[in-house]
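The values are calculated or read from the model by the stated rules, or taken from the named source; none is laboratory data. None of these values were measured; they are calculated from a predicted model. Because the Cβ atoms are built from the backbone with ideal geometry, glycine has one as well, and the counts that use them run over all protein chains shown.
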Amino acid sequence: MSFLFETINIPFWFIVFILASATPLWIKWYKMGYKKFRSYKSDEELKSEVLQKATDHWNTNSEFSGFADSEVPKKKKIKKDVDPVKKQNIRATLKVLAECGETGVLPKSISDKTDIAVLDVNVALQYLLEKKYAEVLNGSSGMKYYLTPLGKKYCTNKNYI
C-alpha cells in the first residue's frame, strides 16, 4: 500500500468512499452466486422436478387437446368491389391491349383510343398489373404495356380478341 500512496497522491477519504459505494454491489453479487451454489440438486432431484412440471403442464392443457383435432375452416377471400366506372375503364383498357397484341401500347394512346383520362387509364393499368393480366416494359418511347399469357387467356374467354 505504501507504494501506491507514494506514486499517486490519492486522499484516504476517496478510497473509503469508493469501497463504501461498491460494497452493496459486491454483496448483491455474493448473494446471487451463493444462491446458485447453495441450491445445487442431484440429477435425480432435477429429473423428478422436470417430470413433475411436465405432468402439471399436460394436465392443465389436456382439456384443450380436443380443439387440435378438429379442422379449422378456411377463410374465404374477400373480393374487392370495383367501382362500375373503373370496371368499364379496365374493360376498355383490356380491349385495347388485346387489339394491339405484340406491339405494346402506351397509356397515352390507350387514352386517345378510348376517350378516358390518362390518370384513369393508369389506374386501370395498375389494377391489371396487380392481377398479372398485363406487364410493362420501358422502351425508348416510354412505358409500353403488354398482355401476359394469363391476360390473353382472359381476353379470349371474354371474346375481346
Considering only region 101-108, I want to know if a residue exists there that is farther than 17 Å from GLY142 by Cα and among the hydroxyl-bearing types (Ser, Thr, Tyr). no
Consider only pairs whose beta carbons are under 7 Å apart and that are at least six residues apart or on different chains; among these, list those whose first residue lies in region 40-59 and is without any contact (Cβ under 8 Å) to a residue 24 or more places away in the chain and in a helix (DSSP H, G or I) and whose second residue is loosely packed, with under 10 Cβ neighbours inside 10 Å and of a type outside the set (Val, Ile, Thr). none
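Considering region 75-97 alone, what residues qualify as being at pLDDT below 80 and not acidic (Asp, Glu)? Spell out how you get there, then give the answer.
Pass one, region 75-97, residues at pLDDT below 80: 75-82.
Result: LYS75, LYS76, LYS77, ILE78, LYS79, LYS80, VAL82.
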When only residues in region 117-144 that are β-branched (Val, Ile, Thr) and under 19 Å from ASP83 (Cα atoms) count, which is surrounded by the fewest Cβ atoms within 10 Å (Cβ to Cβ)? VAL118
